[in-house]
Structures are given as structure tokens and as C-alpha cells.
Amino acid sequence: MVETKEIPRSSVIVPIRSLGPSHRERIAAHLQALDEHDRYLRFGYPANDEQIQRYTQGLDFDRDEIFGIYNRKLELIAMAHLAFSKDPGMRSCAEFGVSVLKKARGRGYGARLFERATIHARNEGVDMLFIHALTENTAMIKIARNAGATLERAGSETDAHLRLVPATLDSRMTEMVEEQIAITDYRLKVQARNFWDFLSGMQEVRQGVRDGRHKSGN
Ligand SMILES: CC(C)(COP(=O)(O)OP(=O)(O)OC[C@H]1O[C@@H](n2cnc3c(N)ncnc32)[C@H](O)[C@@H]1OP(=O)(O)O)[C@@H](O)C(=O)NCCC(=O)NCCS
């Protein structure tokens, strides 16, 4: 078994925020935007829209942690689910699942979500993180391998487990700072979107006035 040292932090800076129940709809929209093959890679079966709805409705935001990356249009372009064991005797274990929309892949978001999830898991006292992937899933397997996970291939499926080092002051501070940055970033995106909506509303009003003048010949 490989003992991890501190997982090397990636150089990609991206605000990742912890998602709550108010994000359910966006989570469902994100997962439903995945094509059949991606759904198969993510869930281990080609989940249909209804199954995704059920999964989303069933998310337990108190027990688990869901992380997300939003773009400027407030579209959830990447998300990860850190699922803690339901078995009270296995509270030190968690499973990681992730998805990134096709248009946002290859930018390091998957790896960053993994890194963020491991910091949170450590801070929650988890010492073993599991990842279940299909053997064909090169990107996911790379993420796990780069972090120092032990891979066990069984035909078309590969299980990975990563032993985590205990939390430190640094891991706790890192998580707090990253969450604050992500919350601020999200608020700014919401403000920017509201402002653009306001501007386009004004444009419509102006256009309406112009059209009215035109018709009345003023
Ligand atoms: C797996 C997935 C999350 C990766 O997301 P991503 O943001 O594109 O990944 P990253 O950009 O962080 O890349 C991670 C590593 O994989 C490599 N990689 C990315 N896409 C790759 C591809 N298509 N083929 C081979 N390697 C690839 C990257 O080079 C990087 O490795 P490196 O750091 O050694 O260079 C994304 O492909 C996805 O959502 N797939 C569908 C759902 C899924 O498979 N989930 C995982 C199972 S839970």
C-alpha cells in the first residue's frame, strides 16, 4: 500500500465551492448534460435522466460533501461527490466521484477537485479514499495515480485507494481560505449576471420606446 505524503498541489488556481441543497437543480443539469458514455464512466452504468434526478434528490449534503466549479454564466462545469461511508464503523473511509463537462476538460479541473476533496477528507478524519473507475478511463486513473493511489485492476474495472495523511493546521487553513475565495467568486458571478440581466432588460425597454416612437411617427 502506498502511503501518501502531502498530495502535491496543482498550479491551476480555480475557485471550488462546497455545494448545498440549493444547488440540486444545477447538479442535475450538469449530470444530464453528460453523454451516455460519460454517464457510464461516472456511475458505472449509463444512467438515464430519471436515475440522475433520483441520484440528485438523494444527495445527503449533511453527510457527504459536493464540490463544484462554476463558469461566468453560472453553469456548473465540473463537480465532485465525496461520499462518506454510511457504516458508522467505517467513518474513516470515503469514496470520490467526479465529472467535468466535455468543453471544460483537460484544464486540470478534475485533478483540482480531487485535491480539494482529499483536503476536506483529511480534515474530516478520513484516512482512506476510494475511487472506482473503468480501466479505459485514462484521465481518472491518471488523477488517482498522480496522487499516489494504489491501483488494483480487475479486467474492465480498476479500484484505486489512497491512504491520506492526518489533517494539519495547513490543511485546515487551506480549506478555509479556498472556501472563502470560492464563495466570494460565486457571489461576484451572481452579481455580474444580475447586472447583465438588468442591462439587457434596459436594452429591451429602450428598444420598445424606439419602436413606439417609430410607429407614432415622433
Ligand atoms: C475523468 C474526468 C473527470 C477528467 O477531468 P479533466 O478535468 O479533463 O481532467 P484533468 O484536466 O484534471 O486531467 C487529469 C489528468 O488526466 C490526463 N488526461 C485528461 N484527459 C485525458 C484523456 N482523454 N486521455 C488521457 N489522459 C487524459 C491529464 O493530462 C492529466 O494528467 P497529467 O496531470 O499527468 O497531465 C473527465 O474526463 C470526466 O468527467 N469524465 C466522465 C466522468 C468520469 O469518467 N468520471 C470519473 C469516474 S468517477
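Values in this text are rule-based calculations from the coordinates and carry no lab data. Since this is a predicted model, take the numbers as computed values, not measurements. In this analysis, Cβ positions are derived from the backbone assuming ideal geometry, glycine residues included, and neighbour counts consider all displayed protein chains.
A few points about this structure:
- Scanning the range 84-113 for residues that are near the ligand (Cβ under 8 Å from one of its atoms) and of a type in the set (F, W, Y) yields F96, Y109.
- Pairs are defined by a Cβ separation below 6 Å, a sequence spacing of at least 6 or placement on different chains, a first member in the range 102-119 that is without any contact (Cβ under 8 Å) to a residue 40 or more places away in the chain, and a second member that is part of a helix (DSSP H, G or I); the pairs so defined are G110/I143; F114/I143.
- Breaking point among (1) in a loop (DSSP other than H, G, I, E, B); (2) away from the ligand (no atom under 16 Å from the Cβ); (3) not β-branched (V, I, T), for E175: (1)
This table checks each residue for (1) within 11 Å of the ligand (Cβ to nearest atom); (2) among the charged types (D, E, K, R); (3) buried (at least 17 other Cβ atoms within 10 Å of the Cβ).
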residue	(1), (2), (3)
A80	yes, no, yes
H120	no, no, yes
E124	no, yes, no
K142	yes, yes, no
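- Y70 being hydroxyl-bearing (S, T, Y) and near the ligand (Cβ under 9 Å from one of its atoms): no
- Hits in the range 56-91 (condition: more than 30 Å from I13 (Cβ to Cβ) and either of a type in the set (S, T, Y) or in contact with a strand residue (DSSP E or B) (Cβ under 8 Å, 6 or more places away or on another chain) (or both)): S85, R91
- The sole residue among R63, R26, R39 that is basic (K, R) and near the ligand (Cβ under 9 Å from one of its atoms) is R39.
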